[in-house]
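One structure is given here, and the rest of the page talks about it.
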Amino acid sequence: MKIAIVGCGKVGYTLAETLNDEGHELTVIDSNEENLLNLNDNLDVMSYVGNGSSYRTLKDAGIENTDLLIAVTNRDEINLLSCLAAKKAGNCRTIARVRHPEYYDEIRFISEELGLLMAINPELAAATDIFNLIRVPSAMEMDTFAKGMANMVRLTLSRNSPWIDKRIKEISIRDLPFLVSAIDRNGKLIIPNGDTIIKYGDNLYVVVSPMDLNRLFAVIGIASKPIKDVIIAGGGTISYYLARMLLKHKIKVKIIVPRIDRCNVLSELLDNAIIIHGDPTNQNILLEEGIEKVDAFVSLTDHDEENIMLALFAGKYSKAKLITKVDKMNFERMVYNLPLGSIISPKLITAEEMVRCVRSMQSAMGSNVEAVYKIADGKAEASEFIIKGSSKITDKPIKTLHIRENTLICTIIRHGKVIIPMGDDVITTNDRVVIATTGKGPKYLEDIIKNV
């Protein structure tokens with residue numbers, strides 16, 4: 001597809017990098033020439049210096065022949081105007097980053113005029129991811145497939161787990177379908193087979209039905225005590241959205257906020273939360289407010305360095321579930337193996353959601369990829385497909401298919417039922433199928449088959 005990206009900050013660069021790798025024809029527009037020079041030093045894409053909300057700029061950049069415009073500048077107004085101008089000038093579809101809560105809540109009234117496929121609020125998306133991790137406290141990371149019918153969770157086993165030193169084929173649980181789809185061992189990703197041995201310290205990526213999560217945790221020796229109270233460091237928009245979700249589910253919330261004016265705002269918006277005016281990096285305040293006994297601690301200040309140090313401190317003084325916001329892309333890769341609990345990056349979440357939308361649009365144009373999820377710090381992808389017709393992989397037992405190395409069929413969803421595939425199972429028309437593979441996932445499900 002021909003895609004224009006307006007805004008070349010961290011989100012725009014990440015989008016350009018991913019979509020360029022997938023073979024799309026890109027034009028990136030930004031008013032900051034230095035951002036574009038950095039882009040052109042690393043990627044072979046077209047770039048254009050100018051205001052992405054200007055009709056003239058978009059026309060000069062070739063909007064009339066563009067299939068999709070993605071607006072991800074730091075200003076909502078520019079993003080929305082860019083979408084409007086693109087719809088009028090080129091009649092192309094659009095995607096926008098919209099951060100202001102009022103704009104985001106009202107976007108549905110003007111989505112048709114803007115040609116919007118989707119609008120994403122990074123702070124709301126991040127808060128939703130954090131809430132899901134709190135809702136399933138034993139999971140370090142979680143993705144949902146097939147509209148919530150299957151989960152992929154990242155688990156770390158205790159030394160006493162019955163799975164330690166067992167082969168994958170030896171860990172079946174009666175009447176509980178699940179699949180170990182990937183193992184992250186000392187930073188190296190493994191797509192396992194039946195003979196792969198699970199070691200202490202492995203991070204396991206397990207596909208399981210949401211209804212079976214708690215039973216799975218119990219069997220393998222992972223505590224799944226529900227979280228009843230949360231301390232949030234930082235009083236930004238993510239903290240507000242997260243607190244609102246937690247309070248709705250009767251979870252107690254304390255928010256430590258350094259600015260008194262923001263304390264007053266949050267106190268008005270969140271009736272049942274405890275808002276504390278103070279420096280969240282002050283160890284005495286954290287101890288006074290009960291960090292040693294809290295069930296979960298979420299670091300959401302504006303500075304990655306503070307969030308990292310806060311998580312390390314909380315991990316030293318408590319057994320709380322830790323969730324740490326890290327927005328700098330290079331930081332996230334550096335700190336992946338530190339004891340920071342679950343790492344959340346709003347910018348990365350935004351880029352991934354937009355890429356999924358692009359793939360869904362492409363699916364309607366020919367490819368059968370429905371969604372793609374980065375796992376294991378981007379070292380692998382889980383791709384969701386909808387089978388639209390017969391092919392060389394349908395109606396044949398999976399054990400007879402010559403599947404490529406480092407590729408695994410994780411789950412099949414058929415008529416609303418989750419199937420963890422075994423050798424005798426077959427893929428049929430209208431199934432949803434999730435594939436895990438190292439590196440970049442396939443565009444077509446047939447691509448998982450070796451050329452033999």
*With (1) farther than 22 Å from N74 by Cβ; (2) assigned to a helix (DSSP H, G or I); (3) at pLDDT 80 or above as the list, and W163 as the residue in question, which single condition is left unmet?*
(2)
*asked:* Residues to consider are D271, D261, D175; find the one that is at positive phi and more than 27 Å from the chain's Cα centre (by Cα).
replied: D175
_Failed criterion for A71 (all others in (1) under 13 Å from M354 (Cβ atoms); (2) open to solvent by 80 Å² or more (accessible area, probe 1.4 Å) hold)_ = (2)
*Name the residues in region 142-169 that are more than 25 Å from the chain's Cα centre (by Cα), crowded, with 17+ Cβ neighbours inside 10 Å and free of Cβ contacts under 8 Å to residues at least 60 places away in the same chain, would you?*
W163, I164, I168
*Looking at region 194-220, which of the residues that are under 12 Å from L157 (Cβ atoms) and not hydrophobic (A, V, I, L, M, F, W, C) is most open to solvent (accessible area, probe 1.4 Å)?*
Y200
*Exactly one of (1) hydrophobic (A, V, I, L, M, F, W, C); (2) in contact with a Ser or Thr (Cβ under 8 Å, 6 or more places away or on another chain); (3) over 21 Å from T350 (Cβ atoms) is unmet by L116. Its number?*
(3)
*Quick one: is L155 of a type in the set (A, V, I, L, M, F, W, C), within 23 Å of S299 (Cβ to Cβ), part of a strand (DSSP E or B) and touching a strand residue (DSSP E or B) at 6+ places or on another chain (Cβ under 9 Å)?*
yes
*Hey, can you tell me all the residues within region 405-421 that are exposed (fewer than 13 other Cβ atoms within 10 Å of the Cβ) and outside any strand (DSSP E or B)?*
E405, H415, G416
_Which of the numbered conditions does S172 fail, given that it passes all the others? Conditions: (1) more than 19 Å from I375 (Cβ to Cβ); (2) hydroxyl-bearing (S, T, Y); (3) in contact (Cβ under 8 Å) with a residue 12 or more places away in the chain; (4) open to solvent by 60 Å² or more (accessible area, probe 1.4 Å)._
(3)
*Output the residues belonging to region 290-327 that are surrounded by fewer than 18 Cβ atoms within 10 Å (Cβ to Cβ) and in a loop (DSSP other than H, G, I, E, B).*
G290, E292, K293, D302, H303, K319
*Close pairs from region 241-261: first touching a residue at least 40 places away in the same chain (Cβ under 8 Å), partner open to solvent by 80 Å² or more (accessible area, probe 1.4 Å) and charged (D, E, K, R), Cβ under 7 Å, at least 6 apart*: I251/K228
*Criterion violated by I420 - all others in (1) in contact with a Leu (Cβ under 8 Å, 6 or more places away or on another chain); (2) closer than 22 Å to A139 by Cβ; (3) free of Cβ contacts under 8 Å to residues at least 60 places away in the same chain satisfied*: (3)
*Would you please list the contacts, defined by Cβ atoms under 6 Å and residues six or more apart or on different chains, that run from a residue in region 175-187 that is of a type in the set (F, W, Y) to a residue that is part of a strand (DSSP E or B)?*
F178/V206; F178/V208
*What do you reckon, is K388 in contact with a His (Cβ under 7 Å, 6 or more places away or on another chain), over 22 Å from E17 (Cα atoms), touching a residue at least 40 places away in the same chain (Cβ under 8 Å) and open to solvent by 50 Å² or more (accessible area, probe 1.4 Å)?*
no
*For region 14-121, which fully contained strands (runs of 3 or more DSSP E) count at least 3 residues that are in contact (Cβ under 8 Å) with a residue 60 or more places away in the chain?*
68-71, 93-97, 116-120
_With the structure loaded, tell me whether K228 is without any contact (Cβ under 8 Å) to a residue 12 or more places away in the chain and of a type outside the set (A, V, I, L, M) or whether it fails that test._
no
*Among A182, A139, which is modelled with pLDDT under 85, within 29 Å of R414 (Cα to Cα), aliphatic (A, V, I, L, M) and open to solvent by less than 10 Å² (accessible area, probe 1.4 Å)?*
A139
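The values are calculated or read from the model by the stated rules, or taken from the named source; none is laboratory data. Here the structure is a predicted model, which means the values were calculated and not measured. Note that each Cβ is placed from the backbone with ideal geometry, even for glycine, and that neighbours are counted across all protein chains shown. With ligands, DNA and RNA removed, areas are computed over all heavy atoms of the protein, side chains included. Shrake-Rupley method; radii C 1.70, N 1.55, O 1.52, S 1.80 Å.
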